[in-house]
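S.K.: Here it is, the structure, as structure tokens.
The values are calculated or read from the model by the stated rules, or taken from the named source; none is laboratory data. Computed from a predicted structure; not experimentally measured. Every residue, glycine as well, gets a Cβ built from its backbone with ideal geometry; the counts of neighbours run over all protein chains shown.
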Amino acid sequence: MDELLLQQGKDLHELRKQTKRVRYLMTIFGDLYSPTYQAYLADMKELQEILGHLQDSYVMGEFLSEALNKDFAKVAPELAQQLRETRYQNWLRWQGLQRRYLSPPIRQVFRSEILNGYQAQR
């Protein structure tokens, strides 16, 4: 999991930035939509937070290694382990949301919810 996150770190960071944009746009129009839409908005907030925690964990590790001028995991193995555990827990949360939004039925309902709310306001 750590290797995969290291390889895809830049993509996950870009996904986080895009999720932030989507979330803020959804928030602007949130009052026009149903509670189902609000649930999707809550998912976008959670996704943004999860991806932020993953990114922050790696940035902290890199910063500490640079500041100490050595692999911080050798200097502070307990902290390194705690960061790994936090990454793993966030990875599991990310996987759940990813599976949900890769599901064609969920994607269709999400799309319909956005279109129905928009059309109801016209």
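S.K.: Among the residues of segment 36-71, write down those that are more than 26 Å from ARG23 (Cβ to Cβ) and basic (Lys, Arg).
M.R.: Within segment 36-71, LYS70 is the sole residue that qualifies.
S.K.: Taking ALA42, is it closer than 16 Å to LEU83 by Cβ and at pLDDT 90 or above?
M.R.: For ALA42, the condition - closer than 16 Å to LEU83 by Cβ and at pLDDT 90 or above - is not met.
S.K.: Can you find a residue that is in contact with a Ser or Thr (Cβ under 9 Å, 6 or more places away or on another chain), among the small types (Gly, Ala, Ser) and either surrounded by 12 or more Cβ atoms within 10 Å (Cβ to Cβ) or closer than 26 Å to GLU14 by Cα (or both) anywhere in segment 93-101?
M.R.: No, there is no match, as no residue in segment 93-101 is in contact with a Ser or Thr (Cβ under 9 Å, 6 or more places away or on another chain), among the small types (Gly, Ala, Ser) and either surrounded by 12 or more Cβ atoms within 10 Å (Cβ to Cβ) or closer than 26 Å to GLU14 by Cα (or both).
S.K.: A further question follows. With among the charged types (D, E, K, R), over 21 Å from GLN8 (Cα atoms), surrounded by 12 or more Cβ atoms within 10 Å (Cβ to Cβ) and over 12 Å from the mean Cα position of the chain (by Cα) as the only criterion, which of GLU78, GLU113 stands out?
M.R.: Of the residues listed, the single one that is among the charged types (D, E, K, R), over 21 Å from GLN8 (Cα atoms), surrounded by 12 or more Cβ atoms within 10 Å (Cβ to Cβ) and over 12 Å from the mean Cα position of the chain (by Cα) is GLU113.
S.K.: Name the helices (runs of 4 or more DSSP H) wholly inside segment 1-78 in which the number of residues that are small (Gly, Ala, Ser) and without any contact (Cβ under 8 Å) to a residue 24 or more places away in the chain is 3 or more.
M.R.: In segment 1-78, the matching helices (runs of 4 or more DSSP H) lie at 35-68.
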